[in-house]
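The values are calculated or read from the model by the stated rules, or taken from the named source; none is laboratory data. Fair warning: this is a prediction, and the values are worked out from it, not measured in the lab. Cβ sites come from the backbone with ideal geometry, for glycine too, and all protein chains shown count toward neighbours. Areas reflect the complete protein model, heavy atoms only, side chains present, ligands, DNA and RNA absent. Shrake-Rupley method; radii C 1.70, N 1.55, O 1.52, S 1.80 Å.
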Amino acid sequence: MAGVDDELAAWLRLLLSPGVGRDAARRLLAAFGSPQAVFVASTTARRAVVPPSLAEALAAPPESWQAQCDATAAWLAGDGTRRVVTLGDALYPPALLHTADPPLLLFVHGRAELLAARDALAIVGSRNPTAQGRDNARAFAAHFARAGWTVVSGLALGIDGAAHEGALEGGGDTVAVMGTGIDRVYPARHRELAHRIARDGALVSEFPLGTPPLAGHFPQRNRLIAGLARGTLVVEAALESGSLITARLAAEAGREVFAIPGSIHSPQSRGCHALIKQGAKLVETADDVLGEFGSARGAPAATPAPAPRDPVLDALGHDPATLDALAARTGWPAADLAARLLELELEGHVQRLPGGMYQRRERA
């Protein structure tokens, strides 16, 4: 095929063959030894491994095969940090080989060796986090990075993006697992972040080039996030959250699961609380996580100077409160209280929540 060798062309054909999922593909590879051998084999021989309809479908290449081979060749020629790592490649991540559903191949842009990093931690969470949750993700990731750990996440808005940014700011390594083709950055506003990760870390996708952001692809992506890491930290998550899927997959793969608790009144904390009830380890500092692997540095995650003592902050406490509730606690006139809350918000000590609520901001 144009631009790609016969071996890679055969892997791409197997990936693109309609109806041939990862399980059937792995059974074919186990039976015949390589994708090329799968296609050379007779339909009768393939029928002994997969249903007759699939055995017959494999006799002819899919319509998109030629275009995908050409696109892959052009993508690989873009620079020397792009490669396709197949299930039979020596660079294939050992951690993924020990999961229940390893992908057939991985498109990698950046430092492919990071996929085999032994000390890797996943950080996941809400796409719509509180400001506190975003700060926690960034601070924890920076601490892990400074301790020499690779931070793995999914390039999504919210907690994922903050985790990648924190790892880069900490001078460490980060891997972004994408739910699209590696040539399609989603969300678009993370395009610059993706460029930074490709330069200093690694982008990775199991999907063919040009694959759009389809909803069903993100749960598939989550199993790779969990599979590449020794543990998964959930920072904030609602009860109906893809992050809980990642945590479940991590637990099923025998990996550690951690969760940061939050206010009992915050919907974004309920997923974390549910995980803790189910056995996830409650963590308050980054070293609570690292200590589980015997690599805590004995110092808490970097934090800013504590907020000054303030009667409004003291009255606010650590749970959200309304203006009326704060007025009752402080005895301040509503106008004076609103003005002070605005000052505290601008100083970064308080955040305004939906429904006229206010919450104290504290870092990890």
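For the chain, which span is the longest to avoid every loop-located (per DSSP) member of GluC sites (Glu not before Pro) having at most 14 other Cβ atoms inside 10 Å? With GluC sites (Glu not before Pro) excluded where exposed in loops, the chain gives 64-239 as its longest stretch. What percent antiparallel are the DSSP beta bridges of the chain, to the nearest 5? Roughly 45 percent of the beta bridges in the chain run antiparallel, per DSSP.
Counted over region 135-271 with a bin width of 10 Å, the fraction of Cα pairs per bin, in whole percents, is 13, 44, 36, 7, 0.
Given the alpha-carbon gyration tensor of the chain, what are the semi-axes of its equivalent ellipsoid in whole angstrom, ordered largest first, with each equal to the square root of 5 times an eigenvalue?
46, 19, 19
Here the chain has 53 percent of its accessible surface on carbon and sulfur atoms, given a 1.4 Å probe and all protein chains in place. Average accessible surface for the chain: 43 Å² per residue, computed with a 1.4 Å probe over protein heavy atoms with every protein chain in place.
Tell me the Kirkwood hydrodynamic radius of region 46-191 in angstroms, computed as one over the mean inverse distance between distinct C-alpha pairs.
Details: mean 1/r = 0.0575 Å⁻¹.
It works out to 17.4 Å.
Each label was represented as a point 7 Å from its Cα along the Cα-to-Cβ direction; for Arg83 and Arg47 these points are 4.1 nm apart.
For region 318-364, the convex hull spanned by the alpha carbon atoms encloses 73 Å³ per residue. As a test of the formula, what do you get for the chain when each DSSP H run with n ≥ 4 contributes -39,500 (n - 2.57) and the sum is divided by the residue count, at 222 nm and rounded to the nearest 500 deg cm²/dmol? Value at 222 nm, helices only, nearest 500: -12500 deg cm²/dmol.
Helix 65-76 and the longest principal axis of the C-alpha atoms of the chain enclose an angle of approximately 60°. Take the alpha carbon atoms of region 68-99, find their center, do the same for region 1-30, and report the distance between the two centers in whole angstrom. A separation of 13 Å, based on Cα centres.
Over the alpha-carbon set of region 183-263, divide Rg by the Kirkwood Rh and report the Rg/Rh ratio to two decimals.
0.99
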